[in-house]
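What follows is one structure encoded as structure tokens, with my remarks underneath.
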Amino acid sequence: MMPFFLTISLCILAGYVLGSFSMSHFLAKQRGVEIREKGSGNAGASNAAIVLGVKAAVIVALFDILKGTLAVLLAKVLSGGNGYCEVSAGTVVVLGHIFPFYLGFRGGKGFAALLGTLLAYDWRFFLILAAIGLVLGLLSDYIVVYTMFICGTVPLFLGVTPYIGWANQYGLWCALIACAASGVMVFKHLENFRKIRNGTEFTISGVLRKKG
């Protein structure tokens with residue numbers, strides 16, 4: 001068994017490398033487009049829907065969810081199920097998605113990767129929170145409402161789950177670690193709320209009508 005410091009460092013490094021892979025960037029490049037210069041200006045699934053179409057967005061979203069899940073599961077294997085390592089890897093995979101080193105640290109906003117980490121933590125809560133968030137998003141017609149719901153509930157989930165079976169003694173500290181990713185995501189989405197106020201934010205219904 002590796003020393004804890006080496007184990008958690010390896011989990012963090014693996015999480016960042018996985019998170020930095022930007023499927024939306026690569027798909028857009030194949031079409032001769034710099035996705036960060038179009039639409040909402042970020043390299044994520046929501047902007048892929050705006051710039052590349054819904055089909056491309058589904059591919060991007062599934063890939064980003066998968067990398068979030070893989071980061072946590074890999075950390076679980078490497079650490080033997082240590083909650084600190086799992087949540088650290090899950091936090092860093094989101095930050096890697098937002099700040100990929102080879103794109104000048106300008107990536108996406110981390111939502112799908114965060115969903116992927118939740119899927120790895122507990123698939124039942126993933127389904128429950130994803131369904132509730134989706135309903136809220138559809139009712140409001142704004143993707144950012146869905147995003148903020150998940151962003152706020154994941155640290156809360158990690159904090160209370162010692163009482164329902166997940167991280168046991170790690171709960172509070174895991175929630176604090178996860179707050180790092182959630183805090184950055186909230187900051188990255190402030191512009192979306194300004195656009196809602198100004199009436200310029202992309203709506204879910206508008207994106208779904210886009211062909212491609």
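FYI, it's all coordinate maths here, none of it is from the lab. All values reported here derive from a predicted model rather than from experimental measurement. Reconstructed Cβ throughout: ideal geometry from the backbone, glycine too, with neighbour counts over all protein chains shown.
Computed values, structure above
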read-out	value
Calculated [θ] (222 nm, deg cm²/dmol) that DSSP helices of n ≥ 4 give over the chain, each run adding -39,500 (n - 2.57)	-23000 deg cm²/dmol
Inter-site label distance for LYS55 and THR200 at 7 Å from Cα along Cβ, in nm	3.2
Phi-based couplings in Hz for the range 172-182 (Karplus 6.51, -1.76, 1.60; Gly and Pro marked x)	4, 5, 5, 5, 5, 4, 5, 4, 4, 5, 5
Calculated over the chain: convex hull of Cα atoms, volume per residue (Å³)	111
